[in-house]
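Presented below is the structure to which this report refers.
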Amino acid sequence: MSFLANRMTQIVPSPIMAMVARANALAEAGRSIIDLGIGEPDFPTVESAKRAGIAAIENDKTGYTPSAGIRELRQAIVSKFWRENGVAYNLDQIHVAAGGKQAIFNAMLATVDAGDEVIVPAPYWASYPDIVRIAGGTPVILTCHADHGFKLQPEALERAITPRTKWFVLNSPSNPTGAAYSERELRALAAVLLNHPHVHVLADDMYEHLVFGTFQFRTMAWAEPKLYPRTLIVNGVSKAYSMTGWRLGFAGGTSELIRAMNSIQGHSTTHPSSITQAAATAALTGPQDDLPLRRKIFEARRDYIVKRLNAMSHISCTAPEGAFYVYPSVGEALGHVAPGGKVIETDTDLCAYLLEHAGVSTVPGSGFGLSPFIRISYAASERALEEACDRIEAALAALQRSS
Ligand SMILES: Cc1ncc(COP(=O)(O)O)c(C=O)c1O
C-alpha cells in the first residue's frame, strides 16, 4: 500500500514541466534551445512595482498582514474591477492570494464536495482539472473544436449541466488557445446559465489585457449582470505586469465565498508576501502605459508567428484574439517519419522531435485536453521567434511520408 494519499493517483504530472525539464537538460548539455514552452511575459516587472517592493523592504513592511490582504491592495483591486471591468465590489468581496492559481485553489477547496462537478472546456489550462480533483470534485471536460475557434458552444454547456454541477470555468482569453469570448458569445453562454441557478461561474480573466485588434475584452459579470452574484472573477498581476515570480493573484465574489476562501488561506499560506502585496498595489495604482505598449508588441508577434506557421508544411494555425499563445493543428504531421526513422504518432512525439531535432521547446496539446495540436508561446523576443520559426520550418520540412 502506498504511503501517499489516494488523491495523488488522480493528479496528472504537468506536461509543461516535463518539457521544461527536458529543455533544461539539453540546454545544460550545451545545446541551443529556444523556449517557446513557457507561459510568462519576457518583459521585466513594471517599474512602479519594483520600486514599491524595494521600499517595502526598506521600510520594514515585512511582518504578517491580515489573511485577507492589506487594505491598500484590496482597495486598489476594488478600483481596478470598477475602472477596467465595470464590476462593483466592496473590500470584503476581495480575496488576495499567492497567484491566481492559489485563488482558484482556495475557491475550489471552499466550495467543492465529493461528487460535485466542475465544467472545464478543453483545451484547458492544465491546472484546472487537477485542482478540481484535489478538492475532491469531478472535472467534466467539454471539448471545444478548432472550427468553433476553440470556444464552448451554448448547446454543449446546456447538455453538460447536471444537478451536481457546481462551477463552470470560463477562461477568456484562453491559455492555451488564445481564444477570447466576445460580449455576444458571453451572453449566449449566460442565457444557458440563467436557467440553472445552482451553477456558479469562475471567470479566469488572467489575460484580459492581452487582446488584439478591435477585440473588446468583457468579463461575464459585466456582460450578464444577473450572473454577478454567482460569479467569481479571478485575475492577477502575473501576466499584465510581468510579475509571475512575485506570486500575487486576486478574486472578486460574494462576501460569503470570499470569507470562506480567506479562511482556507488563513490555514495554509496565511497571505501572499507583504512585499509582494506592496508591489502589486503599486502596479495596479501606478502608471498603466506599459500595458498598451506590451499589447502592441504581442499583437505584432502573434501576426508574425501565425503567418510563418501557415507557410510551413504539416501545420496550420488560426489567429487567436488574445493571450500570448497559438495552438496550431499538427494533424498533418502525424504518420510521418522523422530523420532517424522514428514515426511521429502523436503531438507529444512532434514536440519531442522539435525539441531534440530543432532545439525548440513547445508543449503538446495532450496536456491541455485536445490533440493533435501544440501550444506555442510567443512571449519571446522577435529574434528568438524568427530563429525558432526557421528551425521549426526546417524540422517539419524534413519529415518524410511513411512508405
Ligand atoms: C489561464 C491561467 N489562469 C491562471 C494562471 C495563474 O497565474 P498566477 O498563479 O501566476 O497568477 C495562469 C498561469 O499560467 C493561467 O495561464
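The numbers here are math on the coordinates, done by the rules we state, and not lab data. Owing to the predicted nature of the structure, the values given are computational and were not obtained by experimental measurement. Using ideal geometry, Cβ is built from the backbone for each residue, glycine included, and neighbour counts are taken over all protein chains shown.
I need the calculated FRET efficiency for the pair residue 159 and residue 198, taking r as the beta carbon distance and R₀ as 25 Å, to the nearest 0.05. List each step's numbers first, then the result.
Working: r = 16 Å, r/R0 = 0.65.
FRET efficiency, residue 159 to residue 198: 0.95.
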Practice task
Using the Karplus curve 6.51 cos²θ - 1.76 cosθ + 1.60 with θ = phi - 60°, work out ³J(HN,Hα) for each residue of segment 231-247 in order, rounded to whole Hz, and write x for Gly and Pro.
Solution key: 10, 10, 8, 10, 8, x, 9, 3, 8, 5, 10, 6, 10, 4, x, 6, 6
Practice task
Extending each Cα 7 Å along its Cβ direction at residue 17 and residue 270, get the distance between those two points in nm, one decimal.
Solution key: 2.5 nm
Fill in the blank from the handout: Residues whose built amide H sits under 5 Å from the amide H of residue 249, excluding neighbours closer than 5 in sequence, are 97, 98, 99, 100
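Report the net charge of residues surrounding residue 48, where surrounding means a beta-carbon distance below 15 angstrom and charges are Lys +1, Arg +1, Asp -1, Glu -1.
Values: positive: 50, 51, 80, 294; negative: 47, 72, 289, 290.
Here the charged neighbours net out to 0.
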Practice task
Starting at the first residue of segment 95-104, write each ³J(HN,Hα) from the Karplus equation 6.51 cos²θ - 1.76 cosθ + 1.60 with θ = phi - 60°, in whole Hz, x for Gly and Pro.
Solution key: 10, 10, 9, 7, x, x, 4, 5, 4, 5
Practice task
Read phi for every residue in segment 131-140 and hand back ³J(HN,Hα) as whole Hz from Karplus 6.51 cos²θ - 1.76 cosθ + 1.60, θ = phi - 60°, with x for Gly and Pro.
Solution key: 4, 4, 5, 4, 6, x, x, 10, x, 10
Practice task
Tally the DSSP beta bridges in the chain and give the antiparallel ones as a percent, rounded to 5.
Solution key: 45 percent
Problem - Anchor residue 239: aspartates and glutamates whose Cα lies under 13 Å away (excluding residues fewer than 8 positions away in-chain) - result: 40, 42, 204, 205, 208, 290
Exercise for the section: Assuming R0 = 22 Å, can you tell me the calculated FRET efficiency for the pair residue 148 and residue 191, based on Cβ-Cβ distance, to the nearest 0.05? Expected result: 0.85
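Give the range of the longest stretch in the chain that excludes all chymotrypsin sites (Phe, Trp or Tyr not before Pro) found in loop regions by DSSP and having at most 16 other beta-carbon atoms within 10 Å. Before the final figure, lay out the partial values.
On the way: sites that count: 3, 64, 215.
Within the chain, the longest run free of exposed chymotrypsin sites (Phe, Trp or Tyr not before Pro) spans 216-403.
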Practice task
Return the percentage of antiparallel bridges among DSSP beta bridges fully within segment 47-285, rounded to the nearest 5 %.
Solution key: 30 percent
Practice task
For n ≥ 4 DSSP H runs only, could you compute -39500 (n - 2.57) per run for the chain, divide by its residues and tell me the 222 nm figure to the nearest 500?
Solution key: -11500 deg cm²/dmol
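Let me have the relative contact order for the chain, percent, based on Cα pairs under 8 Å that are six or more residues apart.
Relative contact order for the chain comes out at 23 percent.
Remind me, relative contact order of segment 47-285 in percent, using alpha carbon pairs under 8 angstrom and six or more residues apart?
31 percent
Need one word for segment 1-62: rounded, prolate or oblate. Basis is the Cα gyration tensor (sqrt eigenvalues a ≥ b ≥ c); a/c below 1.5 gives rounded, then a/b vs b/c decides.
Numbers: a/c = 2.93, a/b = 1.38, b/c = 2.12.
Oblate.
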Handout entry: Interchain or long-range residues, amide H under 5 Å from residue 200's placed H
Key = 167, 168
Exercise for the section: Distance between Cα centroids, segment 1-76 to segment 150-223: provide it in whole Å. Expected result: 26 Å
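Using the Cα gyration tensor of segment 97-236, with a ≥ b ≥ c the square roots of its eigenvalues, what is the shape: rounded (a/c below 1.5), prolate (a/b larger than b/c) or oblate (neither)? Mind showing how you got there, number by number?
Details: a/c = 1.42, a/b = 1.22, b/c = 1.16.
It comes out rounded by the Cα gyration axes.
To make sure I understand, if each residue's beta carbon is the centre and we count other beta carbons within 10 Å, what order do 296, 61, 239 fall in, fewest to most?
Numbers: 296 11, 61 16, 239 24.
Sorted ascending by nearby Cβ count, the order is 296, 61, 239.
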Completion exercise
Extension length gain for residue 313 and residue 403 (0.36 nm per residue less Cα distance), in nm, is 30.6 nm
Fill in the blank from the handout: For residue 375, the residues 5 or more places away or on another chain with a placed amide H closer than 5 Å to its own amide H are 363, 365
